[in-house]
Amino acid sequence: MRTIAIHALKDIRRSRMLMTACTTAAVTLAAALGPVTEALAHHGWPGFLTDRLVYISGTVSSEGVWGNPHSQFDITLDSDLPADTPDLAIPEELQDPEDSSRVNAARSYDGALTELEIIIAPPAWSGRWGLGRPLRVGERFQAVGYINRTDAGLFRPVVFWYGDDATPVNQVLGNTLPVRAPLPD
């Protein structure tokens, strides 16, 4: 009888050790994947409202961060946005009519915020596409892109124009928009 009790205790200890190990593994995995999930939501296009391109314009209002994995800064929006995208040069990568027509037809931002946080490609990419330096506070900024699904104050352009001469900068990999949403009515 004593032998059975000893084996039963050993089995219970093994089960507890196994449960503890599984719980520890699950917690460790969740902790490791949590930031990955947030990063994908933050950096991937699926984290943004890609069913509607939006035009914004204003001035850079913060020095932000110039670096990897993305550069970020704030802009103060113009108070008198036009109804839709003004006539601006389209980067070569987005000149396919399927893309340029959507960029040109983007409706202006109609949200309640007066300032947005902008997230753009890192310097290595933005530099290849026409912006080889951080934007300066007070510099003119225009863009067409998407509002974040969970943070209405976060904007990610597919294209932007900077400076008084409105230099265009592509922000999509390849030659097409991430989503070719229907044109606005």
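Only residues in the range 68-87 that are under 12 Å from Tyr55 (Cα atoms) count as the first member; pair them with residues that are part of a loop (DSSP other than H, G, I, E, B), Cβ under 8 angstrom, at least 6 apart or cross-chain, and list the lot.
Final answer for the pair search is Leu77/Tyr109; Leu77/Leu113; Leu77/Thr114; Leu81/Tyr109; Asp84/Ala106; Asp84/Pro184; Thr85/Ala106.
For the range 45-77: of the residues being among the polar types (S, T, N, Q) and crowded, with 20+ Cβ neighbours inside 10 Å, which is farthest from Gly163 (Cα to Cα)? Talk me through it step by step, then tell me what you get.
Looking only at the range 45-77, we keep the residues that are among the polar types (S, T, N, Q), and these are 50, 57, 59, 61-62, 68, 71-72, 76.
Those left that are additionally crowded, with 20+ Cβ neighbours inside 10 Å: 57, 71.
On the way: Ser57: 11, Ser71: 17 Å.
So the residue we want is Ser71.
Name, by its number, the condition in (1) part of a loop (DSSP other than H, G, I, E, B); (2) out of contact with any Phe, Trp or Tyr (no Cβ under 9 Å at 6 or more places or on another chain); (3) modelled with pLDDT of 95 or more that does not hold for Val137.
Answer for Val137: the failing condition is (2).
Among the residues of the range 149-171, which ones are among the hydrophobic types (A, V, I, L, M, F, W, C) and buried (at least 20 other Cβ atoms within 10 Å of the Cβ)?
Once the filter is applied, which keeps residues that are among the hydrophobic types (A, V, I, L, M, F, W, C) and buried (at least 20 other Cβ atoms within 10 Å of the Cβ), the range 149-171 yields Phe155, Val158, Val159, Phe160, Trp161, Val169.
Per-residue answers, yes or no, for (1) at pLDDT 95 or above; (2) in contact with a helix residue (DSSP H, G or I) (Cβ under 6 Å, 6 or more places away or on another chain):
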| residue | (1), (2) |
| --- | --- |
| Thr23 | no, no |
| Leu29 | no, no |
| Ala32 | no, no |
| Ala41 | no, yes |
| Val54 | yes, no |
| Thr59 | yes, no |
| Pro69 | no, no |
| Leu77 | yes, no |
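Which of the residues that make up the range 106-134 are in a loop (DSSP other than H, G, I, E, B) and either of a type in the set (D, E, K, R) or in contact with a helix residue (DSSP H, G or I) (Cβ under 7 Å, 6 or more places away or on another chain) (or both)?
To start, the set of residues in the range 106-134 that are in a loop (DSSP other than H, G, I, E, B) comprises 106, 109-114, 121-122, 129-134.
Those that are in a loop (DSSP other than H, G, I, E, B) and either of a type in the set (D, E, K, R) or in contact with a helix residue (DSSP H, G or I) (Cβ under 7 Å, 6 or more places away or on another chain) (or both): Asp110, Arg133.
For every residue, the table says whether it meets (1) of a type outside the set (S, T, N, Q); (2) touching a Phe, Trp or Tyr at 6+ places or on another chain (Cβ under 8 Å).
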site	(1), (2)
Gln72	no, no
Ile75	yes, yes
Leu88	yes, yes
Asp96	yes, no
Ala106	yes, yes
Tyr109	yes, yes
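Only residues that are within 16 Å of Phe73 (Cα to Cα) and not in a strand (DSSP E or B): list them for the range 140-185, please.
Asp151, Ala152, Gly153, Gly163, Gln171
When residues of the range 89-137 are filtered for being more than 21 Å from Ser71 (Cα to Cα) and basic (Lys, Arg), how many remain?
2
The values are calculated or read from the model by the stated rules, or taken from the named source; none is laboratory data. No experiment lies behind these values; they were computed from the predicted model shown. A quick note on method: Cβ atoms are made from the backbone with ideal geometry, for glycine too, and the neighbour counts reach across all protein chains shown.
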